[in-house]
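To start, the structure under review is shown below, and the notes come after it.
Bear in mind that the values in this text are calculations on the coordinates, not laboratory data. Predicted, not measured: the structure shown is a model, and the values here were computed from it. Cβ placement follows ideal geometry from the backbone for every residue including glycine, while neighbour counts extend to all protein chains displayed.
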Amino acid sequence: MAISMTEAAAQHVKAHLEQRGKGMGIRVAIKTTGCSGMSYVLEFVDEANTEDAVFECYGVNIVTDPKSLLYIDGTEMDYVKSGLNEGFEFTNPNTKGECGCGESFTV
């Protein structure tokens, strides 16, 4: 079981961690919401919980809880700039469908 990120995503997270001046990585979690049922939640992590899984990519730690990992195992996180828009995109092999606005997904 694992989550990964592209080099572009890692560089973006590293820059924000350096700007914060603290943090061991970024948490990727799932919450129930939206049209399709689930959405990604991202937050900086200063310290992992004992039950958390931690994965390292390009020098950045990705932290997730066991419940979220069931839904996002195998996911790759990317940071994409397209015109005036920029943000994280997730390639999740477990996704069965997404809502029209792209904010939530089903597994």
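Structure values in brief
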| read-out | value |
| --- | --- |
| Total formal charge among the other residues, if their Cβ is under 13 angstrom from that of Val80, Lys/Arg +1 and Asp/Glu -1 | -4 |
| Inter-label distance, nm, simple model (7 Å from Cα along the C-beta direction), Lys22/Glu56 | 2.2 |
| Using a Förster distance of 25 Å, the FRET efficiency for Asn49-Leu84 (Cβ separation, nearest 0.05) | 0.10 |
| For the chain, convex hull volume per residue from C-alpha positions, Å³ | 103 |
| About the Cα centre, charge dipole magnitude for the chain (Lys/Arg +1, Asp/Glu -1 at Cβ), debye | 160 |
